[in-house]
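Worksheet: one structure, shown below.
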Amino acid sequence: MTKTIIALKRADLTLGSAAASVHVLKGIDLEITEGEAVGIVGPSGSGKSTLLMVLAGLERLDSGEIHIRETPLHLMNEDQLADFRGRNIGIVFQSFHLIANMTALENVAVPLELANVRNPFDIARRELQSVGLGERLGHYPGQLSGGEQQRVAIARALAPSPALLIADEPTGNLDTETGRQIADLLFAKQAERAMTMVLVTHDTALASRCSRQVRVRSGEIAGDSAIRLAAEMNTA
């Protein structure tokens, strides 16, 4: 039986204040099971990236609940959230977010060191080799191509062996061919490690590779292929 890894209940969030406030998420209910690859899609300003940040524990809800691996993130303080995120969630951003004065090896090892993981550099070396950068360990971000920098970011996200991988427009800063290679790598790692992966993308080809697509519009769930497929099976 598949197990729920993410559960959002009546998730509500407003950003900004007074006249500048925007009701970004409007009472969203969403469940994602272990091992799913879920693409979150929708127009700009629909709330999809904010939803992803909530799932990553980087934005706090105004009201409602979020459980990841049955842990109530909405009840945690910032230190507890950071600790949980470091052990359970890997995050890949569009803009890489590598530390410029650290080598690829150091960029991957630093989060492990902060989490007091044993043998952080051995783990970092292994992860970089697994994403095809075994010969680039000592290179700095400025010496790497965009695709290589994103591979470092993926290695960093995977190093703690997270149950959940979050990716926000992971191919958005890359050319078409490099973007395809990065997408291939993400889906290969997701399958290899049986992780749950949730990604936001404007790329319809990338979204179509997911086992499920959730469409967000105006802060609400406007479509969910898992719900549609279940309904079709029930009426078959």
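The values are calculated or read from the model by the stated rules, or taken from the named source; none is laboratory data. These numbers come from a predicted model, not from an experiment. A quick note on method: Cβ atoms are made from the backbone with ideal geometry, for glycine too, and the neighbour counts reach across all protein chains shown. Ligands, DNA and RNA are stripped out before the accessible areas are found, and what is left, the full protein with its side chains, is counted by its heavy atoms. Shrake-Rupley method; radii C 1.70, N 1.55, O 1.52, S 1.80 Å.
Tabulated values for the structure
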| item | result |
| --- | --- |
| 3 or more residues touching a Phe, Trp or Tyr at 6+ places or on another chain (Cβ under 9 Å): qualifying helices (runs of 4 or more DSSP H) within segment 126-236 | 146-158 |
| Given (1) open to solvent by less than 50 Å² (accessible area, probe 1.4 Å); (2) at pLDDT 95 or above; (3) under 23 Å from Phe84 (Cα atoms), number of the condition Leu105 does not satisfy | (3) |
| Top-ranked residue of segment 85-102 - restricted to ones that are touching a Lys or Arg at 6+ places or on another chain (Cβ under 9 Å) and not in a loop (DSSP other than H, G, I, E, B), ranked as surrounded by the fewest Cβ atoms within 10 Å (Cβ to Cβ) | Asn88 |
| Qualifying residue in segment 209-223 (condition: without any contact (Cβ under 8 Å) to a residue 40 or more places away in the chain and β-branched (Val, Ile, Thr)) | no |
| Residues satisfying the stated conditions in segment 1-53, i.e. free of Cβ contacts under 8 Å to residues at least 12 places away in the same chain, of a type outside the set (A, V, I, L, M, F, W, C) and farther than 30 Å from Leu185 by Cβ | Gly16, Ser17, Ser21 |
| Segment 9-60, subset among the hydroxyl-bearing types (Ser, Thr, Tyr) and in a loop (DSSP other than H, G, I, E, B), residue most open to solvent (accessible area, probe 1.4 Å) | Ser44 |
